[in-house]
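Please read the structure below before turning to the comments.
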There are 2 protein chains.
Amino acid sequence: MSTSAAARSGGDGATDGARGSTLWHFAFCPSSRSIRLAMAELGLSFELEEERVWEWRPGFVAMNPAGELPVAAFANGLVVAGAYAISEYLDETFDALAGKAGFALFPGSAAERAEVRRLVDWFHGKMSRDVTREALNEKVYSRVVPGALGAPDPGVLIALRENLRYHLSYVDHLADQRNWLAGDELSFADLAAGAHLSVLDYLDEIGWERWPAAKSWYQRLKSRPSFRPLLAERLPGLSPPTCYADLDF
Amino acid sequence: MSTSAAARSGGDGATDGARGSTLWHFAFCPSSRSIRLAMAELGLSFELEEERVWEWRPGFVAMNPAGELPVAAFANGLVVAGAYAISEYLDETFDALAGKAGFALFPGSAAERAEVRRLVDWFHGKMSRDVTREALNEKVYSRVVPGALGAPDPGVLIALRENLRYHLSYVDHLADQRNWLAGDELSFADLAAGAHLSVLDYLDEIGWERWPAAKSWYQRLKSRPSFRPLLAERLPGLSPPTCYADLDF
């Protein structure tokens, strides 16, 4: 993993007030991925800094006493911690930050925005608790965190895979009923879902053939330019399945 | 615990467009408590319905496929699931719902609102994972969920009490530096914090004497009329410490 990188989505010459912004992240952290996708979809440029939160680096904990990712430092000096606060801040300051990108994190009416948020909470909350957090502990952090246990626990993997089936069936249901997961428009719900599912896909935990509507939705999502930097990242010693970065998987 | 109750905060005759709203909750669920506090502070009247989520009641799962609390059904027919989506919906539709209550869930500028949300995430996210969820599993759900393990696990209690000290030291620090946890104004951050800490206080897990600034902040918070219904609730077979509902504890 590179320790610093720059991402920029295609734009239409919109003013970019976030130039000089920095996002502290970890490549396989779904919350970090969701904000990278959000900033790229909004057309914001930002520097990426890798943070190994388990090192409890004083400079990082001073920015976010929770010691968690992601953390954004905007060009105006404001530091915002956590995917929830960052996503809502991006939504509220969108005009000032980026001009018109033709994309809103929470599009539509108050009711439609509530549906986006319900699903963001589904992925960053429920799916994280049920599946992703343990999958990362077993397969990723066990490799990179000094002193962590090595081999994955088969019992844990069996339980999270059972949970994952429920989540994939729900994504498949939503994708079958709607254009994007929360409704007609791409929203932060898709980006949060894509953040978790891309990590699980890297870990070869998703049998896409069983979920045709979810697969079709994910193909559309991962084909977007915002996804490219994520699909290029690799964890040393753990390769993704061959279809991971394949847009026609 | 009563299975239905009505709450209404004092108001100044504001139009109450939420009349007829229903909130599905569980008395010792912190997310439910935070929304009950929010609706009361906003001056909204609502019916409470107790939901025992472990029963996986079809009518409830149809409203929220995540099977989690709280869920609000508003008088306009809209169903919103989860403390995140409900709190933001209440914020966005405040004028239409309730008129002017002199209270905002997320007061101030975009930066100040980001700080409120960072702290809401701290309590509903980090504190829930570190402390409250396990404390409830060990001490509350073990009593009320059929088939759950009975006696608390001493090892789990030791670990969560160590985590709780970090959280209380942080609340104490914030309360020492600020009027309310996120800044000058009462906000949803205080209500989320109070929701978790009131449950832990009921379970006699908080030694307030060690944290004088936190204690002073919590005394002010629990003295508000919005807190009264919560402090009156009891779990059969498990009494709170004598100071739990004492406003001068």
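Scanning region B:158-167 for residues that are surrounded by 11 or more Cβ atoms within 10 Å (Cβ to Cβ) and out of contact with any helix residue (DSSP H, G or I) (no Cβ under 6 Å at 6 or more places or on another chain) gives B:Ala159, B:Arg161, B:Glu162, B:Arg165, B:Tyr166.
If you check A:Asp153, A:Asp201, A:Asp184 for being touching a Phe, Trp or Tyr at 6+ places or on another chain (Cβ under 9 Å) and among the acidic types (Asp, Glu), only one passes: A:Asp201. Once region A:176-200 is narrowed to residues that are charged (D, E, K, R) and assigned to a helix (DSSP H, G or I), the residue that is surrounded by the most Cβ atoms within 10 Å (Cβ to Cβ) is A:Asp190. For region A:77-84, does any single residue satisfy the condition of being touching a helix residue (DSSP H, G or I) at 6+ places or on another chain (Cβ under 8 Å), over 30 Å from A:Leu203 (Cα atoms) and either at the interface with another protein chain (Cβ under 9 Å from one of its Cβ atoms) or modelled with pLDDT of 95 or more (or both)? Yes, region A:77-84 contains at least one residue that is touching a helix residue (DSSP H, G or I) at 6+ places or on another chain (Cβ under 8 Å), over 30 Å from A:Leu203 (Cα atoms) and either at the interface with another protein chain (Cβ under 9 Å from one of its Cβ atoms) or modelled with pLDDT of 95 or more (or both). Kindly indicate whether B:Val53 is within 11 Å of another protein chain (Cβ to nearest Cβ), over 30 Å from A:Val71 (Cα atoms) and modelled with pLDDT of 95 or more. When the stated conditions are applied, B:Val53 does not pass them. The residues of region A:210-229 that are of a type in the set (Ser, Thr, Tyr), under 16 Å from the mean Cα position of the chain (by Cα) and surrounded by fewer than 21 Cβ atoms within 10 Å (Cβ to Cβ) amount to a single one, A:Ser223.
Considering B:Arg113, B:Arg143, which residue is within 14 Å of another protein chain (Cβ to nearest Cβ) and among the charged types (D, E, K, R)? From the options B:Arg113, B:Arg143, the qualifying one is B:Arg113.
The values are calculated or read from the model by the stated rules, or taken from the named source; none is laboratory data. Computed from a predicted structure; not experimentally measured. Neighbour counts are summed over all protein chains in view; Cβ atoms, including those assigned to glycine, are modelled from backbone coordinates with ideal geometry.
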